[in-house]
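First comes the structure, then the notes that go with it.
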Amino acid sequence: MKAGIVGLPNVGKSTLFNCLSNAKAQSANFPFCTIEPNIGVVNVPDSRLQKLESLVNPERVQPATVEIVDIAGLVKGASKGEGLGNQFLGNIRETDAILHVLRCFENENIVHVDGSIDPIRDKETIDIELQLKDLETVDKKLEKVKRAAKTGNKEAQKEEAALLKLKEGLEAGKSVRAIEVSEDEHKEFVKPLQFITDKPVMYVCNVDEGSAVDGNKHVDRVREAVKDENAEVLVLAVGTEADITELDDFEERQMFLQDIGLEEPGSAKLIRGAYSLLNLQTYFTAGVKEVRAWTIPVGSTAPQAAGVIHTDFEKGFIRAEVISYEDFVGFGSEAKVKEAGKMKVEGKEYIVKDGDVMHFRFNV
Ligand SMILES: Nc1nc2c(ncn2[C@@H]2O[C@H](COP(=O)(O)OP(=O)(O)OP(=O)(O)O)[C@@H](O)[C@H]2O)c(=O)[nH]1
Ligand SMILES: [Mg+2]
C-alpha cells in the first residue's frame, strides 16, 4: 500500500512524514522547503505481531509496510505554475490513498502562505489544484479518444462519453470521487487513469499539543465541512509527535505520549485509519524462520491471500491451514492448537479473516 501527503506549504507535511517514517525529510519554517519528493517505508504497527513473536521465537519478524510519499506544497494557481507548480503531483498518482494535511494550530512564528489559520479555505485551495491536475489528465486523454471516436470506434465513443462527464464535473469544482459514472465506466475508463481526486482521502488536522486529544475549533469546522464526504478526519499534534519520535527510548516515548493524554502515537491511529479507509486487513504467517504480517483487501479468498506471498502460491493453491489469532494465542502454539483440533483446513472459497494465521499448501 502507498499513501501520498498533500497540503499547502509549511503546514507540517514533512514533519508528518518524519513522524511516520525512519527516512528523515528536511522540514523547516519556510514555504517550499520540500522540493524533491521524500519517499519512506513505514512499518504498520500491530501489537499482535509482537505477541506471535513471543510465542514462536522466529529468526526474524516482518511487519506489513506502507510506502509514504511527501511532496512539495501546493498553492493557489499551482496548476498555472504558481509556487513550485503542480508537476510533483505526478509522484502521487500511483498511490492508493491521500493524506491531506490541514493546519489547525495557531502559531505566529510559523508562516502561513495565506496569512491566517483557516483550514476550510486551505482545503478548498488544495482540492481545486488537485481537480485541475485531474482535468489536465482528462483533457489529454480526451484529445486521443476523440479522434478514435470520430472514426466510429464504439469503445472510444463510450470512453469519450465517460470522460466528458468527468470533465464537466471537474470544471464544476467536483472531485472525481463525487462525479457519477456507472460501475463499468469507472472500471474501464476512470480507474486506469489513477485520478488523484478519485483516491480515498484522510484529512490530518495538525493541531497544537494541547488539542491532541479533543481537537479544537478549527478541527470542528473541518469535521463539519467534510461530513458528507466518505473521508476520515484524524487529529494529530504533528510537531509534538515528531519530537517524540526522535526519542530513542521506548519507555520515554510512552511517558511523553501519556503526558499529552495519548495511549499510542497518532501515527498508529493514522495507519489503522488508512487500512480501514482502503478496506484492508492483515493475516499472518508464523514459522520459526519468520513471523510476518501480510496486507490483503477485506473479502479476499485464501488463494488471493496466498498470491500476496507469491503468484505461484495462488496458481498452485491446494488448501490453507488456518488458525485464528485468538486460538493461536489462547493455546500458545501451533502444535497445541492442532492437538485441540482447532486448526481448520480450508479450500479455495475460504474468505480470510483479519488476524488469521495461515499456512498454504500448493503445488507448482
Ligand atoms: N508549532 C508547530 N509547528 C509545527 C507543527 N508541525 C510543523 N511545524 C513546523 O512548521 C514548519 C513547516 O513544517 P514542514 O513539515 O517543513 O512543512 P511542509 O508542509 O512540509 O512544508 P513545505 O515542504 O514547504 O511544503 C516547521 O518549522 C515545523 O517545525 C505543529 O504541529 N506545531
Ligand atoms: Mg515539506
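Here are the numbers for the structure shown:
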item	result
Orphan Cys of the chain, criterion: no other Cys C-beta under 4.7 Å	Cys19, Cys33
Distance (nanometres) between label positions extended 7 Å along Cα→Cβ at Glu290 and Ile110	3.9
Burial ordering of Val329, Val213, Val6, fewest other beta-carbon atoms within 10 Å first	Val213, Val329, Val6
Unit charges on C-beta of K, R, D, E only; dipole of the chain, Debye	1500
Debye equation applied to the C-alpha atoms of region 1-47, log10 I(q)/I(0) at 0.16, 0.29 Å⁻¹	-0.44, -1.21
Cα gyration tensor category, rounded, prolate or oblate, for region 1-156 with a/c compared to 1.5	oblate
Residue-span extension gain [Lys342 to Glu180] - 0.36 nm each, minus C-alpha spacing	53.6 nm
Computed label-point distance, nm, for sites Glu326 and Leu193 using a 7 Å Cα→Cβ extension	4.6
Net charge of neighbours whose Cβ lies under 13 Å from the Cβ of Val364, counting Lys and Arg as +1 and Asp and Glu as -1	0
Three-way shape call for the chain based on the alpha-carbon gyration tensor, with the a/c threshold at 1.5	oblate
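Any read-out appearing in this document is the output of simple, stated calculations on the displayed coordinates, not a laboratory observation. Source: prediction; values computed, not measured. Cβ atoms come from the backbone with ideal geometry, glycine included; neighbour counts cover every protein chain shown.
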